[in-house]
């Protein structure tokens with residue numbers, strides 16, 4: 001069963017939070033797949049990860065770049081894992097087969113009522129599936145763990 005963390009964005013948009021989460025994962029030696037809601041969103045995130053900070057470098061790729069096996073971060077619009085990642089980050093309400101990963105980050109916009117309702121549904125489904133759950137809420141001081149199941 002996977003360790004599933006729900007990350008409730010409140011003070012920082014995904015454009016700023018995702019690169020930081022990915023930086024930390026890569027620094028820890030982890031490979032990650034990021035599953036987004038559409039191919040257009042994958043293109044957007046691919047460009048974002050090259051430009052989010054002037055001095056930052058976060059190695060990553062997507063289908064149009066190729067060489068998935070060499071990429072520590074892989075961006076996809078569907079549940080695929082061509083870079084052999086043990087971790088998955090889900091954005092835009094995307095879904096993945098959690099049994100294929102040891103850790104999942106379900107990142108959602110806390111300022112969007114529909115996104116919050118959908119995240120609650122995914123929490124219920126993951127709990128029913130027997131996964132270990134944590135709920136993290138973004139604050140001015142950083143991420144605070146608010147619940148476990």
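Residue 15 meets all of the listed conditions (1) buried (at least 18 other Cβ atoms within 10 Å of the Cβ); (2) assigned to a helix (DSSP H, G or I); (3) in contact with a helix residue (DSSP H, G or I) (Cβ under 8 Å, 6 or more places away or on another chain) but one, namely (1). Scanning the range 98-118 for residues that are in contact (Cβ under 8 Å) with a residue 60 or more places away in the chain, surrounded by 12 or more Cβ atoms within 10 Å (Cβ to Cβ) and not in a loop (DSSP other than H, G, I, E, B) yields 98, 103, 104, 105, 106, 107, 108, 109, 116.
Residues that are buried (at least 17 other Cβ atoms within 10 Å of the Cβ) and farther than 10 Å from residue 4 by Cβ within the range 119-142 comprise 119, 136, 138, listed in sequence order. Can residue 87 be described as within 14 Å of residue 18 (Cα to Cα), crowded, with 17+ Cβ neighbours inside 10 Å and touching a residue at least 60 places away in the same chain (Cβ under 8 Å)? Criteria met by residue 87.
Residues are listed down the side, and each one gets a yes or a no for (1) out of contact with any helix residue (DSSP H, G or I) (no Cβ under 9 Å at 6 or more places or on another chain); (2) touching a residue at least 40 places away in the same chain (Cβ under 8 Å); (3) under 25 Å from residue 120 (Cα atoms); (4) assigned to a strand (DSSP E or B):
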| site | (1), (2), (3), (4) |
| --- | --- |
| 48 | no, no, no, no |
| 53 | no, no, no, no |
| 56 | no, no, no, no |
| 64 | no, no, no, no |
| 69 | yes, no, no, no |
| 75 | no, yes, yes, yes |
| 80 | no, yes, yes, no |
| 93 | no, yes, yes, no |
| 96 | yes, yes, yes, no |
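Checking every residue in the range 33-49 against the condition of being under 14 Å from residue 6 (Cβ atoms) and modelled with pLDDT of 95 or more gives zero matches. If the condition is being in a helix (DSSP H, G or I) and either under 16 Å from residue 90 (Cα atoms) or more than 14 Å from the chain's Cα centre (by Cα) (or both), then the range 25-46 contributes 25, 27, 39, 40, 41, 42, 43, 44, 45, 46. Of the residues making up the range 119-149, those that are in contact (Cβ under 8 Å) with a residue 60 or more places away in the chain and closer than 17 Å to residue 94 by Cβ are 119, 122, 123, 126, 129, 131.
Restricting attention to the range 51-78, and to residues there that are more than 24 Å from residue 97 (Cβ to Cβ) and touching a strand residue (DSSP E or B) at 6+ places or on another chain (Cβ under 8 Å), which single residue is surrounded by the most Cβ atoms within 10 Å (Cβ to Cβ)? Step by step, filter the range 51-78, then rank; the result is 58.
I'd like to check something: does the range 23-42 contain any residue that is out of contact with any strand residue (DSSP E or B) (no Cβ under 7 Å at 6 or more places or on another chain), exposed (fewer than 14 other Cβ atoms within 10 Å of the Cβ), over 27 Å from residue 141 (Cα atoms) and free of Cβ contacts under 8 Å to residues at least 12 places away in the same chain? Looking for residues that are out of contact with any strand residue (DSSP E or B) (no Cβ under 7 Å at 6 or more places or on another chain), exposed (fewer than 14 other Cβ atoms within 10 Å of the Cβ), over 27 Å from residue 141 (Cα atoms) and free of Cβ contacts under 8 Å to residues at least 12 places away in the same chain, one finds at least one in the range 23-42, hence yes. The set of residues in the range 1-12 being under 18 Å from residue 111 (Cβ atoms) and either crowded, with 16+ Cβ neighbours inside 10 Å or modelled with pLDDT under 95 (or both) consists of 6, 7, 8, 9, 11, 12.
The values are calculated or read from the model by the stated rules, or taken from the named source; none is laboratory data. Predicted model, so just to flag it, every value in this text is computed and none were measured. As a convention, Cβ positions derive from the backbone with ideal geometry for all residues, glycine included, and neighbour counts pool all protein chains shown.
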